[in-house]
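Every number in this text was worked out from the coordinates using simple rules, so none of it is lab data. Values in this document were obtained by computation on a predicted structure and should not be read as measured data. All Cβ positions, even for glycine, are placed from backbone atoms using ideal geometry, and neighbour counts span all protein chains on display.
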Amino acid sequence: MTPLLRIPITHLERHFCQGQERWTGLAELPGLGVRAVLLLPDGDGGGGWLAVRNRCPHHGVPLTKGRLDAAAGTLECPSHGWLLPLTGPDLAALPAERTECGFVLLAGEKRLLW
Ligand code: FES
């Protein structure tokens, strides 16, 4: 079984978009370096969070203000409107957990695609 990594997300900033709380921050991924992270509600109503790389694969703009369609599982880039599947190869969403001090990214080593 792949061990679960708990990677702290630092430099947190809170945002509101579509009436929902979002957070941005930085995560240092083993072997990959520091990545910008966007934290989104996971959409199941249970208070869970998803983390995606905060960078559009088209021209690299931040996705912080992108339109989230939780039912479809997509995030729309605010720049040119690409619809990015949250679990697709470009965003590769990972679960995140809110802690007393902020957030941690939960990743199995094989899922670190960012
Ligand atoms: S920068 Fe995101 S679709 Fe162009």
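What residue, among those in segment 59-71 that are assigned to a strand (DSSP E or B) and touching a residue at least 24 places away in the same chain (Cβ under 8 Å), is surrounded by the most Cβ atoms within 10 Å (Cβ to Cβ)? By that ranking, first place goes to 68. Taking every residue in segment 72-98 that is over 11 Å from residue 57 (Cβ atoms) and in contact (Cβ under 8 Å) with a residue 24 or more places away in the chain and pairing it with any residue that is in a strand (DSSP E or B) and of a type in the set (Asp, Glu), at least 6 positions away or on another chain, the pairs with Cβ-Cβ distances below 9 Å are 75/69. If the condition is being surrounded by 15 or more Cβ atoms within 10 Å (Cβ to Cβ) and either among the β-branched types (Val, Ile, Thr) or over 17 Å from residue 114 (Cα atoms) (or both), then segment 39-58 contributes 41, 42, 43, 49, 52. Would you tally the residues in segment 27-36 being in a strand (DSSP E or B) and over 15 Å from residue 65 (Cβ atoms)? Here the count works out to 6. Filter segment 68-83 down to residues that are touching an Asp or Glu at 6+ places or on another chain (Cβ under 9 Å) and closer than 19 Å to residue 95 by Cα and give me whichever is farthest from the ligand (Cβ to nearest atom). The selected residue is 70. May I ask you to verify whether residue 88 is out of contact with any strand residue (DSSP E or B) (no Cβ under 7 Å at 6 or more places or on another chain), surrounded by fewer than 18 Cβ atoms within 10 Å (Cβ to Cβ) and within 22 Å of residue 14 (Cα to Cα)? No: the conditions fail for residue 88.
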